[in-house]
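Heads up: the structure comes next, in structure tokens.
The values are calculated or read from the model by the stated rules, or taken from the named source; none is laboratory data. These numbers were taken from a predicted model, which means no experiment stands behind them. Here the Cβ positions follow ideal geometry from the backbone for every residue, glycine too, while neighbour counts run over all protein chains shown.
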Amino acid sequence: MTQYTVTQRANQYKQPRGGFIPVASLNTKQFKDDEFLPIASENITPSFMGLVVDYLTRFEVTGDVVGSFGIPEIGAHNVDLLAAQKTGHPYNGNMKRFKELTSQIKGLDDQSIQCAIQLVNYDIAYRMDPSYYVPRPKYQANQVTLEHVQKMVKRGAQFLHAAAKGGPIMVDFDFPGAYTKTVVNGDGDYLTKSGLWDFKVSKAKPTNKFTLQILMYYIMGMHSENQSYFETVKQLGLFYPRQNLLYLINVSDISKSTMATVTNDVIGY
């Protein structure tokens, strides 16, 4: 049997016409600062941009810099292990660099953002293989990119604090006890008491693959050991910080037949 992450399963599963949750059925909310932040003048790749904004938003809402960059930390550790295997001697140069970079992240100033970009470079050593890691000490953001990161992180943090209404914000959560023979991995972005939120640092509009992905997160949360955190969720949303725009649907508006099909056929309960 083929095994998938949540994202992979949402991308490959053939949905009914329009999708389980059609994009046209989503409600939209445009926040006051509606300036679109164009990609054209940025000088780091869109994939890097998405990760930098995500990790710095986590830091902004939690204050935990090391925890917010947990995946780069594992990546740095993996690169050190590979170096040790090749030389036969212990090596921790990349973990030292990880600690050095995280110690310089204080907020959303230019230096903090440049350090975050360097840290994101370690992601590939976790998500793919440590042999793919290539040091890029000169990979620096230009001023437009720095300003866009700062604005998007501020937008994301403001949205989450408003959505949480003073309550807790869970970041980068997984689904213990909820994985199946079909869906073996996946983690969500943000969870507040009443909403499950996925961030998309993109200029493109949502697709039914994105709406299936967030529905899968909700259903898996309800099957997980952390079910109590998901029982109060009333809304599923896709937040686009480039546009400062939210797309959302009420859980109560999703049909029982859709819930059952995704539960049984897509996830495999």
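Some points to look at:
- Summed over region 1-45, the residues that are of a type in the set (Ser, Thr, Tyr) and assigned to a helix (DSSP H, G or I) give a count of 2.
- Where Asp110 falls short, out of the listed (1) modelled with pLDDT of 95 or more; (2) over 25 Å from Ile39 (Cβ atoms): (2)
- Selection count where residues are of a type outside the set (A, V, I, L, M, F, W, C) and surrounded by 12 or more Cβ atoms within 10 Å (Cβ to Cβ), scope region 5-27: 11
Residue by residue, here is whether (1) within 18 Å of Val251 (Cα to Cα); (2) in contact (Cβ under 8 Å) with a residue 40 or more places away in the chain; (3) of a type outside the set (Gly, Ala, Ser) holds:
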residue: Ala157; (1), (2), (3): no, yes, no
residue: Gly167; (1), (2), (3): no, no, no
residue: Met170; (1), (2), (3): no, yes, yes
residue: Gly177; (1), (2), (3): no, yes, no
residue: Gly186; (1), (2), (3): no, yes, no
residue: Gly195; (1), (2), (3): yes, yes, no
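- Of the residues making up region 33-54, those that are closer than 30 Å to Asp253 by Cβ and either surrounded by 14 or more Cβ atoms within 10 Å (Cβ to Cβ) or without any contact (Cβ under 8 Å) to a residue 60 or more places away in the chain (or both) are Gly50, Val53, Asp54.
- Lone qualifier among Gln111, Gln118, Gln104, Gln143 - being touching a Pro at 6+ places or on another chain (Cβ under 8 Å) and free of Cβ contacts under 8 Å to residues at least 40 places away in the same chain: Gln118
- Some residue of region 68-80 being more than 18 Å from Val134 (Cβ to Cβ) and either touching a Lys or Arg at 6+ places or on another chain (Cβ under 7 Å) or among the hydrophobic types (A, V, I, L, M, F, W, C) (or both): yes
- No other residue among Ala125, Ala76, Ala84 is touching a Ser or Thr at 6+ places or on another chain (Cβ under 9 Å) and not β-branched (Val, Ile, Thr) apart from Ala125.
- Residues that are under 20 Å from Val144 (Cβ atoms), outside the structural domain of Asp172 (by TED's automatic domain parsing) and either more than 16 Å from the chain's Cα centre (by Cα) or buried (at least 23 other Cβ atoms within 10 Å of the Cβ) (or both) do occur in region 57-74, at least one of them.
- Members of region 121-137 that are farther than 18 Å from Val201 by Cα, in a helix (DSSP H, G or I) and either of a type outside the set (A, V, I, L, M) or in contact (Cβ under 8 Å) with a residue 60 or more places away in the chain (or both): Tyr122, Tyr126, Arg127, Pro130, Ser131, Tyr132
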